Amino acid sequence: YIETSVLTDSDSFQDVVVKIERPTYQKPFLGGFKNRITGVEFHNAGSQTIPKKRLDKGIQLFCRETQTVFEKNKLQQTNNTTSTQMTKVGLYVSVVTDKIISPGKYLTADEYHERRLKAVIVLQKYFRRWLAMNIVQKLREKKKLRLAWEAQEELQKKKEKEKKLRRENERRLNPKTKDDFELLYHALELWRQEETERINRTFTGAERKAALCGLLDEEAQLIASIGRHKLNADEENQHKAILNFLDKCAQPKRWKAFDGKITEMDTPNILRARELLEIYNSISMNDIPKDERIDVLGILRLTVKEHECKLTQEIVELIDREVDLMSREVKECNLEGLRKRICTLFLQYVKTPKFNPEVAKILKVPPDPLKLYKNVNFCHSCESYLPSTEFPVPANSCTFGRCRLCCKLDNEARQRDAYLKYKLLLENLRKSEADYQDDAKIVFLVQHQDLQYMIENIWGCQSALSACSDLYDLVMVRWDKRHEWSPWNTILLTKDEADEHLKLCDLQKAYEAVFINRIKRKHIRTKKYFAQIPAMASFLHSSDKQATAN
C-alpha cells in the first residue's frame, strides 16, 4: 500500500491510498525507450490484470492448431567460383607447376585394421617394457632398502649382544646386587666343572689327587674373594637403601589438577623428615673440616634434645665424647667407630614414628606387634620366625619350606644356579600380559622356578620355530592371543618371531598340522605338571570347558 496526493481541482489535492498487488508471474516486455542524456530506461506498461484461468471441466481438451513442420531454405552454393582452363589451339598453358598424381595400392578394410593392430601391438610392447622397467626399479629400491634394514638390524643385534656381554663382564668384575653375585657363583661353578673334567681326563692316581687338592684351594680363595666383594657391596647397598628410605619420607605430596598441572604440598611432618635427612647426610660425610664437623654435631644435639629418652641421652653422650676427642687432636681414623655408632643411633632415632611421624607410612614392621603373629612362619633350616613374604613358594608347593636366605646360601654352596634369565623372562611376560588389560591372573601365580621347569624340561631351552637357544633373546607369549596366558596356552619364541606370531589371526592356516600337534603335546605335558597344584585346578577346569565349547 502506498499513499499519494492527487490533484482534484485547480488548487486542491486529495490523499489517495493505492493498493499494489505483486504479480505472481513474469510480465512480458512490451518495449520502451531510453533517455540518452540521463540513461534512464522507460518500459511500456501492460495491464496489471491477472489472466483468467479456465475452469477445469474434468476432460482433456485439445486445440485446433496444425502440427506443421517449420522449414528453412539454405543455399549450398560455394562462395568462390572456380574454373579450369585447358591447352587448345591458340592457347598455351604452362605445366611447370603441375604435379603428376598416380593412384597407389588399394588398401582394404581388413588390411587397414591389421596394420592398426600391428601398430597397437608395438605400442603395447614399448609401454609394457616401460612398466616392467618401473617395476624392476621399484623392486631394486625395495631390495636396497631391505638389505640396508637387515644390515642395520644385524648391526644393532651385534651391538646389543656386545653391550650385553660387556654388562655381564662388568657385573662379574664389580658385583653389587644379589643377581650379580648369583652370576658370579654360576661362573665359578662352570669353571670348577671344566677344571675337574680336564684333571680327570689328563691325570691319574696321585697326580690326579694333587691336582684336585690344588683346584679345591683355588676355589676356596675365589670364594673368599667373592665374600670380600659381597661385604663391600652389602655396605654400599645398605647406605643407598637408607638414603632412599629417608628420601621417600621427605618427598612432598603430589596430585594432578584438572588442568594437568602437578601440585606439590609440604606438610609439617614432611618438613621434619627433610630436616632429619639433611642432618643424617651431614653427619655421614667424611673428610670435612673440624669446625664444620663441630657445627653439625651441635645441630644434631639441639635436634635430639627436643625429646628426652634413653636413646637421645646416649646420642648426646656420644656427641660430647667425639667433641672432646676432637679437641684433644685425636686422629680421624680412630674416630670412625664412634662416628658410625652416632650414625646408627641417629638412624634409629629417625626410624622412630614418635620422633619422625612421616616414617610410620613406610616402615615394613607395623607399630602394633600383634599384627605380626597372624602372618609369621617358621623356617626349619635357620630356625627363625619370619613373615610369609620371606619364603619363596613355587606354584606346586603346598607348605612353606626354607626362607629366601637359606635357599640362597644352599644355592651358593651346592648347585650355584643363575636364575636371572628366568626372572627377566617372567618379568617381561607379566608386563606383556598387563598390557592386554583382560584381568589375567595365572601369570602372577607362576614363579620363576615353575618357568624354569617349563623352559628346561618341556621347551628344551630353545625357540619352537628357529631352535634359538639364547635365553636373553627368547620370550614367552600366548599361543592363542584371544585367551589369557597360561602354561598350557603359551609358546617359546624369539622376540622377532613373537611379534610376527601375535599378528596371526588363524593359527590353523599359518602353521602346519605337524607343528600344531607338537605344540599341543607340550601343552598336555604342562597340564599334567600343573594339575597337582590346587590353585591351578580351577583354571584347568575352566580351560577344558572352553576348549570343549570351541
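The values are calculated or read from the model by the stated rules, or taken from the named source; none is laboratory data. Because the structure is a prediction, the values reported are computed rather than measured. So basically every Cβ, Gly included, is an ideal-geometry build from the backbone, and we count neighbours across all protein chains shown. Just so you know, the surface numbers come from the protein's heavy atoms only, side chains and all, with ligands and any DNA or RNA stripped out. Shrake-Rupley method; radii C 1.70, N 1.55, O 1.52, S 1.80 Å.
Points to keep in mind about this one:
- With contacts taken as Cα pairs under 8 Å and at least 6 residues apart, the chain reaches a relative contact order of 7 percent.
- In terms of its Cα atoms, region 181-312 spans 76, 49, 30 Å along the principal axes, sorted from long to short.
- The Rg/Rh ratio for region 262-363, using Cα coordinates for both the radius of gyration and the Kirkwood hydrodynamic radius, is 1.01.
- Largest first, the residues Tyr472, Tyr126 sort by 1.4 Å accessible area into Tyr126, Tyr472.
- Size of charge dipole - region 419-548 - debye, nearest 20, with Cβ of Lys, Arg +1 and Asp, Glu -1, no other charges: 480 debye
- The ratio of the alpha-carbon radius of gyration of region 2-43 to the globular-protein estimate 2.2 N^0.38 Å is 1.78.
- Between helix 178-202 and the chain: long-axis angle, C-alpha atoms, 0 to 90°, nearest 10: 70 degrees
- Highest mean packing first, where packing is the average number of other Cβ atoms within 10 Å per residue, the peptides 459-471, 477-489, 341-353 line up as 477-489, 341-353, 459-471.
- Label-point separation, Thr352 to Tyr92 (7 Å along Cα→Cβ), nm: 15.0 nm
- Cα Rg, Dmax (largest Cα-Cα span) when computed across region 178-249, Å: 18.6, 65
- Of interest is the spacing of the C-alpha centroids, which for region 486-504 and region 106-128 amounts to 59 Å.
- Net charge of the neighbourhood of Lys159, taken over other residues with C-beta under 13 Å away and scored Lys/Arg +1, Asp/Glu -1, is +3.
- Lys/Arg +1, Asp/Glu -1 at C-beta; region 293-367 dipole; positive extreme among Val350, Leu338, Val304: Val350
- GluC sites (Glu not before Pro) restricted to DSSP loop in region 67-156 with at most 16 other C-beta within 10 Å: Glu71
- Estimated dipole of the chain in Debye, rounded to 20 [Cβ of Lys and Arg +1, of Asp and Glu -1, Cα centre]: 3260 debye
- Rolling a 1.4 Å probe over the protein heavy atoms gives the chain an accessible area of 78 Å² per residue.
- Only helices enter this figure: runs of n ≥ 4 DSSP H residues, each worth -39500 (n - 2.57), summed and divided by the residues of the chain, yield -17500 deg cm²/dmol at 222 nm to the nearest 500.
- Simple Cβ-charge dipole of region 2-43, Lys/Arg +1 and Asp/Glu -1, about Cα centre, in debye nearest 20: 460 debye
- Calculated on the alpha-carbon coordinates, the convex hull of region 148-212 measures out at 113 cubic angstrom per residue.
- The chain: Cα Rg divided by the 2.2 N^0.38 Å rule of thumb: 2.12
- The residue list Gln532, Ile20, Asn35 was ranked by how far each Cα lies along the charge dipole of the chain toward its positive end, using unit charges on Cβ atoms, and Asn35 comes out on top.
- Helix 310-327 and the longest principal axis of the C-alpha atoms of the chain enclose an angle of approximately 80°.
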